[in-house]
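Input: a single structure, listed below in structure tokens.
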Amino acid sequence: WSAALQTTSLPRPSRALPHDTTSMSEQAERYKSQGNAALQAKMFSDAVDLYTKAIALDPNSAVYFSNRSAAYAALERWREALDDAVEACSLKPDWVKGHLRRGAALGAVRKHDEARKAYLRASQLEPHNAQVQKMLSDAAEAARKAAEEGKNWENDLWSDDDEESTGANEQQG
């Protein structure tokens, strides 16, 4: 009898989630809306904080990461903007906006070829979007110029060595 009493007095496991997910997602949406208002008002740090709160309640929302990426970009905190854009892309790989945010952040940190690839992915998702095509074209041009500058820098480096040795020879002669 005592064994039966022990089993009936134990609490029954609940099938309900520990938190009311509806109210959590509603609160996350409220934080997102407040973040959007802060972003619009150019209160970028406040927007980051609000989107961060939304993400804490719903870490699977690509939109929250994308919006926080935009706020970080407005603050010129490019590494954080890029991290959030990458997360948005991983959560929602076929969403153009995530790839656009990633391209913008990559361009800002002068990773132009990677930015071009992000815009290329966006253009594959929306091939008839003229704005995306323009971003892709601009990124391709920036990548080309950066590659050219890199070659010029290498040439300048070698030509300086040649000038120094030539100058040294003239001083000896």
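The values are calculated or read from the model by the stated rules, or taken from the named source; none is laboratory data. Model, not experiment: these values are computed from the prediction. Please note: Cβ atoms are built from the backbone with ideal geometry, for glycine as well, and neighbour counts cover all protein chains shown. Just the protein is used for accessible areas: all its heavy atoms, side chains included, with ligands, DNA and RNA removed. Shrake-Rupley method; radii C 1.70, N 1.55, O 1.52, S 1.80 Å.
Keeping to segment 84-137, report how many residues are more than 13 Å from the chain's Cα centre (by Cα) and among the small types (Gly, Ala, Ser).
Matching residues across segment 84-137 total 4.
I'm trying to understand the selection: among the residues of segment 83-102, which are over 18 Å from SER123 (Cα atoms) and open to solvent by less than 30 Å² (accessible area, probe 1.4 Å)?
Once the filter is applied, which keeps residues that are over 18 Å from SER123 (Cα atoms) and open to solvent by less than 30 Å² (accessible area, probe 1.4 Å), segment 83-102 yields only ASP84.
From the list ALA139, ALA81, ALA122, pick out the single residue that is in a helix (DSSP H, G or I) and under 30 Å from GLU26 (Cβ atoms).
ALA81
When you check ASN60 against the structure, is it out of contact with any His (no Cβ under 8 Å at 6 or more places or on another chain), closer than 28 Å to LEU125 by Cβ, at pLDDT 95 or above and open to solvent by 90 Å² or more (accessible area, probe 1.4 Å), yes or no?
It is true that ASN60 is out of contact with any His (no Cβ under 8 Å at 6 or more places or on another chain), closer than 28 Å to LEU125 by Cβ, at pLDDT 95 or above and open to solvent by 90 Å² or more (accessible area, probe 1.4 Å).
Does any residue of segment 90-97 turn out to be part of a helix (DSSP H, G or I) and farther than 29 Å from ALA147 by Cα?
There is at least one residue in segment 90-97 that is part of a helix (DSSP H, G or I) and farther than 29 Å from ALA147 by Cα.
Could you please find all residues in segment 117-133 being within 18 Å of PRO93 (Cα to Cα) and open to solvent by 70 Å² or more (accessible area, probe 1.4 Å)?
Once the filter is applied, which keeps residues that are within 18 Å of PRO93 (Cα to Cα) and open to solvent by 70 Å² or more (accessible area, probe 1.4 Å), segment 117-133 yields LYS117, ARG121, GLN124, GLU126, PRO127.
Hey, can you tell me all the residues within segment 103-116 that are surrounded by fewer than 21 Cβ atoms within 10 Å (Cβ to Cβ), touching a helix residue (DSSP H, G or I) at 6+ places or on another chain (Cβ under 8 Å) and among the charged types (D, E, K, R)?
Passing the criteria: ARG110, ASP113, GLU114.
Against the condition surrounded by fewer than 18 Cβ atoms within 10 Å (Cβ to Cβ), at pLDDT 95 or above and of a type in the set (Asp, Glu), how does GLU80 come out, does it pass?
So GLU80 fits the description; yes.
If you check GLN6 against the conditions, is it modelled with pLDDT under 95, more than 16 Å from GLU80 (Cβ to Cβ) and assigned to a helix (DSSP H, G or I)?
So GLN6 fits the description; yes.
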